[in-house]
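See structure below.
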Amino acid sequence: MGMTDPSSPGAPVMRLSYGPLPLHFGELRLPSAPGPHAVAVLIHGGFWRNPYDLSLMHGLAEDLTAHGLATWNIEYRRLGDDGGGWPGTLQDVAQAVDALRQMAGSYHLDLERLVSVGHSAGGQLALWLAARPRLGQRVAGPERALLASEEALPLQGAVSLAGVIDLEAGWRRHLGRDAVSELLGGGPDDVPERYHLASPAALLPLGVPQILIHGTADDRVPVEISRDYAARACAVGDQLTLVELSGVDHFALIDPHSSAWQTTRELVLSLSRRS
């Protein structure tokens, strides 16, 4: 079912369910121009923990929609929610993206121009979604069936905004007070298959264009995470753009009024226009 948010100053907001649980919903915004519309899936961060929700991405959703993209700002179960963490968090974002197939006709969505945009922990999820269509071919083990699907909706590209895109590096650095260990249920020696299935760095090459944006003054997720990932991705042939923003912190990237976001917006729009 849809719901219009009268407080939104921009495009009407339709809150739509993608599954049966209370947190299985997203907010769809459509541009005023006729479709079919390219789509940006927005995935909020917060170290996968439930005090943080999709409201973190409201400003970006409004801005991208004003610039011609449909936006699907998704919620999902996080640490602290019933079923959050492994594997529910990843299953939810996958289900949210696959649900776009059912929405495409009614809302004139062009799923050939589908990109993911995630911030912080959401950056991991955004790049993981890009890797997901090939997950079954890349990773073996009994837990693969929890996340792999031959019906996974392919993405045209993925954008990480200060993302925790190497989970093993995030674990080593104790990012977010050991949030990676909480998400996956242990360290790389305890649950190695989960790191192989969930970490974009372990799934390289992803096979789709990627854009990494990271501020050099980020004190939550250090820029070295993106630098190291970019070097590894390029070494195995992925098409990747790394943009380092001098003096920019972790949260400027999701401030729609910041110069950091103006840079990011243009890159997201260019990615969505690829043929």
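Would you mind pulling out the separation of the Cα centroids of region 43-73 and region 95-150, in Å?
If we compute the Cα centre of each part, the gap is 17 Å.
I need the trypsin sites (Lys or Arg not before Pro) found in region 156-202, filtered to DSSP loop residues with at most 16 other beta carbons within 10 Å of theirs.
The qualifying sites are Arg173.
Rank Gln210, Gln156, Gln262 by mean-square fluctuation in a GNM of the chain with C-alpha springs under 10 angstrom and give only the top-ranked residue.
Checking each option, the largest mean-square fluctuation is seen for Gln262.
Give a residue-ordered list of calculated ³J(HN,Hα) values for region 61-66 (Karplus: 6.51 cos²θ - 1.76 cosθ + 1.60, θ = phi - 60°; whole Hz; x for Gly, Pro).
Coupling constants for region 61-66: 4, 4, 5, 5, 5, 5 Hz.
Among 61-70, 146-155, how do they line up from the highest to the lowest mean number of other beta-carbon atoms within 10 Å?
Output ranking for 61-70, 146-155: 61-70, 146-155.
Can you list residues whose amide H is under 5 Å from Val164's amide H, if they're 5+ apart or on another chain and H is modeled 1.01 Å from N?
For Val164, whose amide H was placed from the backbone, the distant partners under 5 Å are Ser120, Ala121, Gly123, Gln124.
So what J values fall out for region 67-73 if you push phi through Karplus, 6.51 cos²θ - 1.76 cosθ + 1.60 with θ = phi - 60°, rounded to Hz, Gly and Pro as x?
Once θ is set to phi - 60°, the couplings for region 67-73 become 9, x, 9, 6, 10, 10, 8 Hz.
For region 156-263, what is the charge dipole size about the Cα centre, in debye to the nearest 20, if Lys and Arg each add +1 at the Cβ and Asp and Glu each add -1 at the Cβ?
So the magnitude is around 140 debye.
Need one number: convex hull volume per residue for region 31-272, Cα atoms only, in Å³.
Considering the Cα atoms of region 31-272, their hull volume per residue is 112 Å³.
What's the magnitude of the charge dipole for region 1-160 around its Cα centre, counting Lys and Arg as +1 and Asp and Glu as -1 at the beta-carbon? Answer in Debye, nearest 20.
Computed charge dipole of region 1-160: roughly 300 debye.
Compute a Gaussian network model of the chain, connecting alpha carbons closer than 10 Å, and tell me which residue from Val221, Val236, Val139 fluctuates the most.
Val236
Determine the dipole magnitude for the chain: charges of +1 sit on the beta-carbon of Lys and Arg, -1 on that of Asp and Glu, nothing else is charged, the reference point is the Cα centre, and the result goes in debye to the nearest 20.
440
Apply the Karplus curve 6.51 cos²θ - 1.76 cosθ + 1.60, θ = phi - 60°, to the phi angles in region 110-127 and return the couplings in whole Hz, x for Gly and Pro.
Couplings: 9, 7, 7, 10, 10, 10, 10, 9, x, 10, 6, 4, x, x, 4, 5, 5, 6 Hz.
Using modelled amide H (1.01 Å from N, peptide plane; none on Pro or chain starts), what sits under 5 Å from the amide H of Leu240, excluding residues fewer than 5 places away?
Hits under the 5 Å cutoff: Gln210.
With the chain treated as a Gaussian network of Cα nodes joined by springs under 10 Å, which of His58, His196, His257 yields the largest mean-square fluctuation?
His257
Enter the mean projected area of the convex hull around the alpha-carbon atoms of region 80-124, in nm², rounded to one decimal.
For region 80-124, the mean projected area of the Cα convex hull comes to 4.1 nm².
Take every Cα-Cα pair in region 186-261 and report what % of them are more than 14 Å apart.
65
Per residue of the chain, what 222 nm ellipticity follows from adding -39500 (n - 2.57) for every DSSP H run with n ≥ 4, rounded to the nearest 500?
-9500 deg cm²/dmol
Collect residues whose amide H, placed 1.01 Å from N in the peptide plane, falls under 5 Å from the amide H of Arg113; neighbours closer than 5 in sequence don't count.
Val39
Each reported figure results from applying straightforward, stated rules to the coordinates on display, with no laboratory input. None of the values given here were measured: they were computed from a predicted structure. A quick note on method: Cβ atoms are made from the backbone with ideal geometry, for glycine too, and the neighbour counts reach across all protein chains shown.
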